[in-house]
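Peer 1: Pasting in a structure now, in structure tokens, and then I'll have a few things to ask.
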Amino acid sequence: MRLLILFLVAIAVMACGPSKDIDPTADWTVERFYDEARRELAKENYLTAIEYYETLESRFPFGKYATQAQIDVAYAYYKFDEPDSAITAIDRFIKLHPRHESVDYAYYLKGLVNFERGGTVLDIIVERDLSAFDRNLLLNAYNDFKLLVQRFPDSKYAADGRKRMIFLRDELARSDFRIASYYASREAWVAVASRTRDILHNYQGSSVIENTLQLQLRAYRQLGLDELARDTERIIDLNYPKGS
């Protein structure tokens with residue numbers, strides 16, 4: 001009886017054990033992998049899509065499907081809110097395929113990833129003040145879009161890239177103005193004067209120019225730089241007359 005029980009247990013183990021190791025994608029073609037990955041991506045099943053794209057490339061490392069999977073998986077990581085993985089995938093794609101027809105999209109996607117890095121669901125309800133975010137993130141996104149516009153001025157993504165550059169440029173100016181204002185609160189007037197000069201030099205036309213000039217005027221007066229203070233005051237009077 002005991003031997004019969006052991007025999008039945010062995011059969012049960014043999015029947016159940018291997019099923020855990022069965023790979024349902026074992027006999028998939030590269031086309032099947034790509035279609036399934038695209039389908040999961042469309043359904044917003046990003047993790048499954050990522051698994052399919054990465055398995056596709058590991059099993060079929062050459063050809064158009066593998067190449068397309070490399071950029072598609074970057075988009076899937078972006079939508080899955082894994083910015084570091086998305087950037088890694090994008091940089092790899094650009095390095096491997098610098099002349100690919102979709103490389104302009106890769107630069108654009110990289111800009112989007114950095115542009116939206118750090119966002120939350122609350123962004124849908126409350127508009128973010130990007131100038132309060134890490135300045136380096138703003139600068140990275142700006143430089144990504146700048147590369148896109150410089151290298152691919154006729155790309156279908158260039159127009160949106162330019163709009164985002166304008167927006168980011170203003171956010172960078174506001175970020176620098178926050179820093180200058182902090183220095184002023186600490187009465188670090190040399191630092192205020194230096195930072196306001198940088199803003200006026202780099203971000204002409206931004207929304208903080210008038211306030212920057214006023215802060216610069218205050219710094220020059222505190223430092224006893226009377227001639228520079230008079231020059232700044234003239235610029236304010238010329239461009240922002242009282243009562244206008």
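The values are calculated or read from the model by the stated rules, or taken from the named source; none is laboratory data. Remember, predicted model here, so these are calculated numbers, not experimental data. Methodologically, a virtual Cβ is constructed for each residue, glycine included, from the backbone with ideal geometry; neighbour enumeration extends over all protein chains shown. For the accessible areas, the whole protein counts, side chains as well, though only heavy atoms, and no ligand, DNA or RNA atoms are used. Shrake-Rupley method; radii C 1.70, N 1.55, O 1.52, S 1.80 Å.
Peer 1: Pulled fully out, how much extra length does the chain show between Thr48 and Tyr240, if you take 0.36 nm times their separation in residues and subtract their Cα-Cα distance? Write out the running numbers ahead of the final one.
Peer 2: Values: separation 192, 0.36 × 192 = 69.12 nm, distance 5.69 nm.
My answer for the length gained is 63.4 nm.
Peer 1: Using DSSP to call loops (not H, G, I, E or B), can you name the chymotrypsin sites (Phe, Trp or Tyr not before Pro) in region 36-80 whose Cβ has at most 14 other Cβ atoms within 10 angstrom?
Peer 2: Loop-located and lightly packed - Phe62.
Peer 1: Multiply the residue gap between Leu223 and Lys79 by 0.36 nm, knock off their C-alpha separation, and tell me the result in nm, one decimal place. Mind showing how you got there, number by number?
Peer 2: On the way: separation 144, 0.36 × 144 = 51.84 nm, distance 5.04 nm.
Separation in residues times 0.36 nm, less the Cα-Cα distance, equals 46.8 nm.
Peer 1: Extending each Cα 7 Å along its Cβ direction at Ser58 and Ser102, get the distance between those two points in nm, one decimal.
Peer 2: Result for the modelled spin labels: 2.1 nm.
Peer 1: If you average the C-alpha positions of region 32-90 and of region 143-162 separately, how far apart do those two centres end up, in angstrom?
Peer 2: 24
Peer 1: Between Arg92 and Arg32, what is 0.36 nm times their sequence separation minus the Cα-Cα distance? Round to one decimal in nm. It would help to have the intermediate numbers written out before the result.
Peer 2: On the way: separation 60, 0.36 × 60 = 21.60 nm, distance 2.41 nm.
Between Arg92 and Arg32, full extension yields 19.2 nm more.
Peer 1: Of Lys64/Lys110; Lys64/Lys156; Lys43/Lys79; Lys110/Lys163; Lys43/Lys64; Lys43/Lys163, which ones are farther than 18 Å apart at the Cα?
Peer 2: On the way: Lys64/Lys110 21 Å; Lys64/Lys156 22 Å; Lys43/Lys79 12 Å; Lys110/Lys163 16 Å; Lys43/Lys64 23 Å; Lys43/Lys163 30 Å.
Pairs exceeding the cut-off: Lys64/Lys110; Lys64/Lys156; Lys43/Lys64; Lys43/Lys163.
Peer 1: Follow-up. Can you sort Asp154, Asp198, Asp144, Asp84 by 1.4 Å-probe accessible area, starting with the largest? Before the final figure, lay out each step's value.
Peer 2: On the way: Asp154 150, Asp198 70, Asp144 15, Asp84 100 Å².
The ordering from most to least exposed comes out as Asp154, Asp84, Asp198, Asp144.
Peer 1: Please list 3J(HN,Hα) in residue order for region 34-51, calculated via the Karplus relation 6.51 cos²θ - 1.76 cosθ + 1.60 where θ = phi - 60°; whole Hz, with x for glycine and proline.
Peer 2: Couplings: 5, 5, 5, 5, 4, 5, 5, 5, 5, 7, 6, 8, 5, 5, 5, 4, 4, 4 Hz.
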